[in-house]
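Working notes, structure below.
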Amino acid sequence: MSSTYSSNLALELIGAGEQAGNWGSTTNTNLGTLVEQAISGYVTQAVATGTDTTITIPNGASGVARNMFIELTGTGGTNTNLIVPANKKLYYIYNNTSSGQVTVKVSGQTGVSVINGSKVTLASNGTDIVVANNYVNTALTGVPTAPTASAGTNTTQVATTAFVQAAATPLATIADTLYPVGSIYTSTVSTNPASLFGVGTWVSFGAGRVLIGNGGGYSAGTTGGSADAVVVSHTHTATVTDPGHNHNFNYAAYPWGVTGGASTITANRAEGGAGTTTTAATGISVANSTSGVSGTNANLQPYIVVYMWNRTA
């Protein structure tokens with residue numbers, strides 16, 4: 001019966017009655033070389049950006065993929081793949097390329113992307129490469145470190161403070177975008193925006209004035225209006241009508257007429273009696289009364305005062 005090979009590590013399994021006088025050599029290869037590679041072997045493997053590099057586990061012979069620890073060298077990056085056989089086994093992968101990630105996978109499968117500088121434990125499940133351990137049940141103390149991902153990385157990888165700082169947009173840049181030169185900034189506190197944003201020259205703006213949009217007869221930058229109420233020029237006309245009137249009085253006997261003042265008294269009898277005066281023109285004056293309150297600071301809409309700043313540079 002001829003030899004067969006184990007399904008995962010491809011160790012030679014000597015058939016019954018086979019290799020008389022040679023089985024020792026085969027056994028030594030199995031134990032001293034192949035098993036040793038599988039449990040403690042360390043090998044380096046070069047890869048190149050944008051290409052597939054295939055490693056194997058040959059039957060009964062030494063092979064790169066049989067090693068437990070594989071250090072990747074060369075250059076990584078997009079579409080850089082290390083193709084391994086589907087044999088079930090563990091891999092410790094160290095991406096020591098000069099730059100970029102390397103995806104470890106079985107041909108035609110998805111695999112796992114290993115970022116530059118990281119060391120990960122992977123396993124072949126017979127179909128593809130998966131992460132062998134992704135749960136840490138321990139409390140971190142001190143100042144733990146982790147590899148920093150390349151800018152733009154969008155995976156479940158842990159983000160270091162260096163990655164976050166590089167990815168974060170500085171406040172000054174945000175302020176430049178939101179408040180270019182010519183912008184108006186309003187606030188309920190008196191702090192100059194230059195102190196808040198760390199950028200720009202800001203001057204106090206529009207003291208005692210409200211803002212109005214450009215157009216409709218109003219040009220940007222012009223001022224106008226008044227806080228005081230304005231009374232439009234106008235006249236008042238007063239009309240007085242006197243329909244005529246009489247004054248009654250008593251008089252003694254006078255054989256004469258009396259003229260005096262603005263009225264004429266005419267005696268009709270020699271003895272005493274009653275008489276009347278006739279209507280005459282009189283001087284009548286008319287006074288118009290006024291009422292109301294002062295118009296000073298009375299021409300204002302409901303308002304609340306805030307601080308306004310104009311960015312000039």
Residues other than Leu82 with Cβ under 12 Å of its Cβ, Lys/Arg counted +1 and Asp/Glu -1, net out at -1
Which whole-angstrom value gives the distance between the alpha carbon centres of segment 182-201 and segment 10-84? 66 Å
By the scheme Lys and Arg +1, Asp and Glu -1, what is the net charge of all other residues having a beta-carbon under 9 Å from that of Asn8? +2
Which residues does the label zone of Thr177 cover in segment 140-160, counting backbone N under 19 Å from a point 7 Å along Cα→Cβ? 151-154
Candidate cut points under chymotrypsin sites (Phe, Trp or Tyr not before Pro) in segment 91-137, DSSP loop plus at most 15 other Cβ atoms within 10 Å of their own Cβ, are Tyr135
Rounded, prolate or oblate (a/c below 1.5 giving rounded, otherwise prolate when a/b exceeds b/c) for segment 4-131 by Cα gyration tensor: prolate
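Throughout, read-outs are computed from the coordinates displayed, never taken from laboratory work. Bear in mind the structure is a predicted one, so any value in this text is a computation, not a measurement. Glycine also receives a Cβ, built like all others from the backbone with ideal geometry; neighbour counts cover every protein chain displayed.
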